[in-house]
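The values are calculated or read from the model by the stated rules, or taken from the named source; none is laboratory data. Keep in mind the model is a prediction, meaning the values are calculated, not measured. Quick reminder, even Gly has a Cβ in these numbers, built from the backbone with ideal geometry, and neighbours come from all protein chains shown. Accessible surface is based on the protein model in full, side chains and every heavy atom, while ligands, DNA and RNA are left aside. Shrake-Rupley method; radii C 1.70, N 1.55, O 1.52, S 1.80 Å.
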Amino acid sequence: MASQYEITGATAKGIASSVERGVAEGAFGPGDALPPVRRLAEYLGVSPGTVATAYKELRRRGVVVTRGRGGTVIAAVPSVASVGSVASRRPPRVPDGLRDLAAGHPDPAFLPDLPPPARQSPGARSHRTTPRLPQLEGTVREWLAADGVPAAHLTFAHGALDLVARLLTTELRPGDAVAMEDPGYHHLLDLVQALGLRTLPVAVDDEGVRPDALQGALRAGARAVVCSPRAQNPYGGCFSAGRRDELTAVLADRPDVLVVENDNAAAIAGAPLHSLTSPDGRRPARWAHVRTVTKYLGTDLRWAAAACDAMTLARHDGLLLLTSGWVSHLLQDTVHGLLTDPAARDRVRRARDVYGERRNALRDALAARGVPSHGESGMNVWVPVRDESAVVNGLRTRGWWVAAGARFRIAAGPGVRITTAALPAADAQRLAADFAAVLHESQATYGG
C-alpha cells in the first residue's frame, strides 16, 4: 500500500468514501499517490472496474487528479480537507509586532460606514421569482454601461469566488483545463483545483495576460479562461486597448471557450477598463464580466454581480436556484444604498486616488534603489526576487510582513507581493530602503 492508511470497501462507493475519510483525517495529503487500480483491487478482493469507478467518482468530486503515468494522486487542494490542510491554504498568521503588508486588504479608513440593517418592506416578497432587487439591478446596469460592458443579462452571487465556482461547475467537468493567470490570485488557483479541474498557466506582464501565453493554453486544451482586466492580483497589470484587441483576436476562433473577466477592484483600480466584452463584433461568444465591492465598500459584503451572455446566465441561475436560491435581499439593499450614496462614492473616489499615490510611491522608492517592481493598477506591488524566503524573513527582522509569491505562482518566477493600500509615502521610503538592504544581503549570501 502507498500509505499507512488502510483503504477499505467492497463497493465503488465504499472505496471512495474510505479515501475521502483518509483525506479528512489527514492520513492523505496533497500529492500523495493512491495505489494503482489493479493493485488495490487485488488487495480489497474486488474487480478492477470497481476501483476504477471509485477513482472516477473521486476525480469528479475534486478529491483526486490523474497524472497519466504518474497515477492517481490526492489533489493539490482537495475538495475535502483535513484541519491541517485547510490551515495550510490560509495565509500564515502575522507575527506580533509586524507591519502587515501581506493580507491584501483595503485601508479601513477609506471604507464607507455601513448603514443599519434595512427592514423588509411590508407584504410578501417572492425571493425566488424576484431574486434581484430591481433598484440594485438598475444601478448595476448603469455602472457597467459606463465602462462599456453590455449588461442586458445580469446575475448576482455571494462574492466572486462563489460566482466563478458556479460558472465553471456548469460549463466544465473534472479533468477539464482552465487557463489561469500566472502569477495569479491564489484563492482562484485553489478553487480551480478543488473543483477537480486542471490549471494551465498563462504568463502576465504589465498589460495583463500575454497573448502568446493565452494562445499556448488554448492549444493545450483550455476550455475556460479566468483573467483580470485591471488591478491584476498580485502583479498589478491592466489591459491596454491594444492588449484587449490582441486577446480578443486570439479568442475569436474559440467560441466554445468560456471567458471569465474578474474586475475585482473596479472602482479603485486606478486604471480605465478595456474589457474583452466591450468591442462590438469581437466579444467572446461565451463570457462573464464579474464585479465585487469588498475592496472598497466593505470586506464583509459578500456580493458580486456578473454581466454575461444569455446561455451563461441561464446555466448560472439554474444552478443558483437549486442551491442557495438567491442572494439575501438585505445584503442587496445594503449594497444598493452604498453604491448610490454620495458620501460613500466620494470616499471610494478618494480611496482610488490615495491607493494610486501609495502604490506609485513604493514603486518609485524601489526604483530609486535599483529594485524593479510591477504594479500598474490596484493595491499591490509585485517584486521579483531570487529567494522568496530570504526576502520575507529578512524584512520580518526589520518589522515588515510581506507575502511570499509561492502562493500565487504556477510556473512563474519567484517574487513577493506587497499590499500598499495602508502604506503612506513616508513609510514606503523606509520599506524600500529595508528591501534594498535585504536584497543586498541575499545576493552576498549567493555570491553576487
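When +1 charges are put on Lys and Arg Cβ atoms and -1 charges on Asp and Glu Cβ atoms, the dipole computed for the chain relative to its Cα centre reaches about 780 debye.
If you average the sequence gap of Cα pairs under 8 Å that are 6 or more apart and divide by the length of the stretch 1-53, what percent do you get for the contact order?
On the way: 47 pairs, mean separation 21.1, N = 53.
Taking the mean separation of contacting Cα pairs over the length of the stretch 1-53, I get 40 percent.
Ignoring the sites themselves, the chain has its longest run without trypsin sites (Lys or Arg not before Pro) in a DSSP loop having at most 12 other Cβ atoms within 10 Å at 129-448.
For the stretch 172-183, 3J(HN,Hα) computed residue by residue from phi via the Karplus equation (6.51, -1.76, 1.60; θ = phi - 60°) reads 10, 10, x, x, 5, 9, 10, 7, 10, 4, 9, x Hz, glycine and proline entered as x.
Given a Förster distance of 45 Å, report the FRET efficiency between E357 and D253 from their Cβ-Cβ distance, rounded to the nearest 0.05.
Working: r = 42 Å, r/R0 = 0.94.
Plugging the Cβ-Cβ distance into 1/(1 + (r/R0)^6) gives 0.60.
Across the accessible surface of the stretch 1-78, with the other protein chains kept in place and a 1.4 Å probe, carbon and sulfur atoms take up 48 percent.
If R₀ is 51 angstrom, what is the calculated FRET efficiency for the pair R369 and M311, using the beta carbon separation as r and rounding to 0.05?
According to the calculation, E is roughly 0.50.
Taking each residue as 0.36 nm, the span from D190 to D434 lengthens on full extension beyond its C-alpha to C-alpha distance by 84.7 nm.
Each residue of the stretch 257-271 was assigned a 3J(HN,Hα) from its phi angle through the Karplus expression (A = 6.51, B = -1.76, C = 1.60, θ = phi - 60°), giving 8, 7, 10, 10, 9, 9, 8, 5, 10, 3, 6, 10, 5, x, 8 Hz with x at Gly and Pro. Comparing M180, M311, M379 in a Gaussian network model of the chain where C-alpha atoms under 10 Å apart are linked, the largest mean-square fluctuation is found at M311. Starting from the Cα gyration tensor of the chain, take the square roots of the eigenvalues, sort them a ≥ b ≥ c, and report rounded, prolate or oblate (rounded when a/c is under 1.5, otherwise prolate if a/b is larger than b/c, else oblate). Taking the square roots of the gyration eigenvalues as a ≥ b ≥ c, the chain is oblate.
Whole number in Å², please: accessible area per residue of the stretch 162-289, 1.4 Å probe, ligands, DNA and RNA not counted.
On the way: 3990 Å² over 128 residues.
The answer is 31 Å² per residue.
When the accessible area of the stretch 252-392 is split by element with a 1.4 Å probe, what percent falls to carbon and sulfur? Kindly include the intermediate steps, with their values, before the conclusion.
Numbers: 2750 of 5430 Å².
The value for the stretch 252-392 is 51 percent carbon and sulfur by accessible area.
Carbon-plus-sulfur accessible fraction, the stretch 139-235 (probe radius 1.4 Å, protein heavy atoms only): 50%.
Grab the Cα-Cα distance for R93 and R386, subtract it from 0.36 nm times how many residues apart they are, and report the gain in nm with one decimal.
Numbers: separation 293, 0.36 × 293 = 105.48 nm, distance 2.38 nm.
Stretched out fully, the R93 to R386 stretch lengthens by 103.1 nm.
Segment R60..R349, full-extension length gain: 99.6 nm, with 0.36 nm per residue of separation and the alpha-carbon distance subtracted.
The residue list A24, Q135, A267 was ranked by how far each Cα lies along the charge dipole of the chain toward its positive end, using unit charges on Cβ atoms, and A24 comes out on top. Given in Å, the Rg to one decimal and the Dmax to the nearest whole number for the Cα atoms of the stretch 243-325 are 14.4, 40.
Beta bridges per DSSP, both residues in the stretch 158-259: antiparallel share near 15 percent. Taken along the Cα-to-beta-carbon direction at a fixed 7 Å, the label points for T130 and D212 span 5.5 nm.
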